[in-house]
């Protein structure tokens, strides 16, 4: 009796997911490191000048945990930041509390891609030094399947978030918001590049905060610019858009 693996040489859904997870766990950071920002960068608009890419870079943000978890497991603040990258991330504790500074960003899945900006700053002993600051983050992982008619794993991006606050960090926020780079689309393109390297045929953008109009609108605008198609979300999902990569 032939197994599903041998039938047409295609793995079963569970086997395909296990293979995709294994590739993701072992190769994610390597694939992020191989991305050329010049190849994926998106300007803010069609008539915008080219963004100053020499001030931007991509960084892989991965788990500090020694035991691998499924890639869509939220890391919280348990995130490994590349050496030489500074994080000055303010998080709202509640509607009534002041913002507090976190040493790492909050990450909604294990495969993070960060946008880093380079800034000149005054050194303690005088003179100037270059600071590489994490400006924005994005995260994704492998979902076993999103379509009951397609028994194959899907790369799902479920976080695209700016980390700097205009009212608290105006010099950093200005580069992120007015630096000529459509940073949300650029980060999503970076995840597309990783998904292709992993051999996955479909990627999805998932907005887990669908009850927040502003966030949902930003996700929808990003999806439209990158030619994602809105689909009915599976049970338990928020707004969902998909794109075929091959």
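Laboratory data are not the source of any read-out in this text; all were calculated from the coordinates shown. Just so it is clear, the model here is predicted, and its values are computed rather than measured. No Cβ is skipped: glycine too gets one built from the backbone with ideal geometry, and neighbour counts run over all protein chains shown.
Some points to look at:
- Computed [θ] at 222 nm, deg cm²/dmol, the chain (DSSP H ≥ 4; -39,500 (n - 2.57); rounded to nearest 500): -8000 deg cm²/dmol
- The slack in the chain from residue 232 to residue 212, taken as 0.36 nm per residue of separation less the alpha-carbon distance, amounts to 5.4 nm.
- Average Cα contact separation per residue, the chain, under 8 Å, 6 or more apart, as relative contact order %: 18
- Between residue 150 and residue 171, the FRET efficiency from the beta-carbon distance, with R0 = 41 Å, is close to 0.35.
- Under Stokes-Einstein, with the Kirkwood radius over Cα pairs as Rh, the value for the chain at 10 °C and 1.306 mPa s is 83 µm²/s.
- Segment 31-89 versus segment 189-210: alpha-carbon centroid distance in Å: 14
- Extension reserve of the residue 14-residue 129 stretch, reckoned as 0.36 nm per residue once the Cα distance is removed: 36.4 nm
- Packing, taken as the mean count of other beta carbons within 10 Å per residue, orders the peptides 234-242, 134-142 from highest to lowest as 134-142, 234-242.
- Each label was represented as a point 7 Å from its Cα along the Cα-to-Cβ direction; for residue 36 and residue 93 these points are 4.8 nm apart.
- Label point distance in nm, residue 221-residue 57, each placed 7 Å from Cα along Cα→Cβ: 2.9
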